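The values are calculated or read from the model by the stated rules, or taken from the named source; none is laboratory data. Just so it is clear, the model here is predicted, and its values are computed rather than measured. Because the Cβ atoms are built from the backbone with ideal geometry, glycine has one as well, and the counts that use them run over all protein chains shown. Side chains are part of the model used for accessible areas, which takes the heavy atoms of the whole protein and leaves out ligands, DNA and RNA. Shrake-Rupley method; radii C 1.70, N 1.55, O 1.52, S 1.80 Å.
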Amino acid sequence: MSDKKKTVLITGISGQDGYYIASQLVAAGECRVVGLVMNSELERSLVGEELWSQIDVVEGELSDSELFNRLLPEVKPDAIFHLAALSHVGQSIKDPMPTMQITGFAPIRLLEAVRTQSPQTRVLFPASAEIFGRTQISPQDESVPLNPCTPYGVAKTLVYSAARCWRLNYGMFVSNAILFNHESPRRGENFVTRKITLAAARIARGMQKELFLGNLDSRRDWGWAPDYAEGMRMIIEHDTPDDFVLATGISHSVREFCAAAFGYLDLDWEKYVRVDPAFVRPNEPVQPVGNPARARSVLGWSNKTSFEQMVEQMVRFDYERLG
Ligand code: GDD
């Protein structure tokens, strides 16, 4: 992975994780980065000119069953970070099939294309804390039995298991990063953290009066996305293919996130936040909290940015941008 001539393909380069991995690889200057997008015109502005000008871009849809058979001979990647997916858990509960197709089945086609056309290519899949679902074991590490409770969790469990199966049967280099929630100013606006920081900033600027959320008592293990991007790079660069939990080991409630975000702008969150049943999910994983001990001891990885620093950076970004 350190050879200058290596090519890294990142699917979903305009998403939060794709963007940070690409930025870090470009900054290291050691490889050619190719980004897969669905719509260049739209995603160019999401990625920003600075990064866009330093990568090669290919277009394609994950729903296209021939996508990877076409891309592999064209791009000749030494490594693939497969980050493109439908990743909203709540949306997967409302309408499961698109998530099953795009998040669940498309990566299997990627595995098959790599197996038949480019078996030396390394592959990293972003698995999710959602694969543990309703487990009673806490914190969750790599040995906890899988028990997903949402369509998104089921799709991710399929891909996680397929990675292990293809690795076992075909000797391929396929690794899973079992990612707990990770946030940043690049987080999509329909995920709870960004929804809160954006609303707090808008309320502080007099542009919004209230914020409607779902379950305020939900707890999540929230880390800093750029640190997780670094972790995914460490996993794919490791000597052997393997599975690692990336998490902070600490959980906070949505309520606590609200208090921190509004508090940073000297606002009392309880005056502005209301519960709307439309955002309450019928099913939630049982208090996800990860144990990243293995990633720490084997890879030397940790989440280096605290919860407070993360919330502050997200709120500051949204507040300044609106100004
Ligand atoms: N999105 C959203 N919107 N979530 C809300 C809201 C709301 O208005 N109100 C409360 N929540 C609660 C959800 O019910 C959930 O318990 C928690 O906030 C976090 O929701 P999300 O930010 O949507 O993230 P997620 O935990 O469902 O999924 C994220 O993390 C997974 C890894 O643990 C996504 O990034 C997944 O793709 C990822 O795999």
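Structure summary
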| read-out | value |
| --- | --- |
| Test: residue 122 is within 19 Å of residue 161 (Cα to Cα) and either touching a helix residue (DSSP H, G or I) at 6+ places or on another chain (Cβ under 7 Å) or free of Cβ contacts under 8 Å to residues at least 40 places away in the same chain (or both) | yes |
| Single residue of 203, 178 found to be over 14 Å from the mean Cα position of the chain (by Cα), at negative phi and in contact (Cβ under 8 Å) with a residue 40 or more places away in the chain | 203 |
| Residues (away from the ligand (no atom under 14 Å from the Cβ) and in contact with an Asp or Glu (Cβ under 9 Å, 6 or more places away or on another chain)) located in region 80-101 | 81 |
| Scan of region 121-146 for residues that are within 14 Å of the ligand (Cβ to nearest atom), touching a strand residue (DSSP E or B) at 6+ places or on another chain (Cβ under 7 Å) and open to solvent by 50 Å² or more (accessible area, probe 1.4 Å), ordered by number | 139 |
| Sole residue being of a type in the set (A, V, I, L, M, F, W, C), within 12 Å of the ligand (Cβ to nearest atom), modelled with pLDDT of 95 or more and under 28 Å from residue 96 (Cα atoms), chosen from 149, 165 | 149 |
| Residue that is least open to solvent (accessible area, probe 1.4 Å) [pool: residues in region 80-119 that are part of a loop (DSSP other than H, G, I, E, B) and among the hydroxyl-bearing types (Ser, Thr, Tyr)] | 118 |
| In region 188-215, residue nearest to the ligand (Cβ to nearest atom) [restricted to those that are of a type in the set (D, E, K, R) and in contact with a strand residue (DSSP E or B) (Cβ under 8 Å, 6 or more places away or on another chain)] | 195 |
| Inter-residue pairs, beta-carbon under 6 Å, first among the hydroxyl-bearing types (Ser, Thr, Tyr) and in region 289-308, second open to solvent by 70 Å² or more (accessible area, probe 1.4 Å), 6+ apart | 302/296 |
| Check on residue 35, within 30 Å of residue 282 (Cβ to Cβ) and open to solvent by less than 20 Å² (accessible area, probe 1.4 Å) | no |
| Unmet criterion (only one of (1) surrounded by 21 or more Cβ atoms within 10 Å (Cβ to Cβ); (2) more than 10 Å from the ligand (Cβ to nearest atom); (3) of a type outside the set (S, T, N, Q); (4) assigned to a helix (DSSP H, G or I)) for residue 177 | (4) |
| Residue ranges of helices (runs of 4 or more DSSP H) in region 216-323 with at least 3 members in the same structural domain as residue 92 (by TED's automatic domain parsing), open to solvent by less than 20 Å² (accessible area, probe 1.4 Å) and more than 11 Å from the ligand (Cβ to nearest atom) | 225-237 |
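Condition check ((1) assigned by TED's automatic domain parsing to the domain that holds residue 112; (2) under 18 Å from residue 18 (Cβ atoms); (3) out of contact with any Ser or Thr (no Cβ under 8 Å at 6 or more places or on another chain)) across all residues:
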| site | (1), (2), (3) |
| --- | --- |
| 142 | yes, no, yes |
| 155 | yes, no, no |
| 161 | yes, no, yes |
| 170 | yes, no, yes |
| 175 | yes, yes, yes |
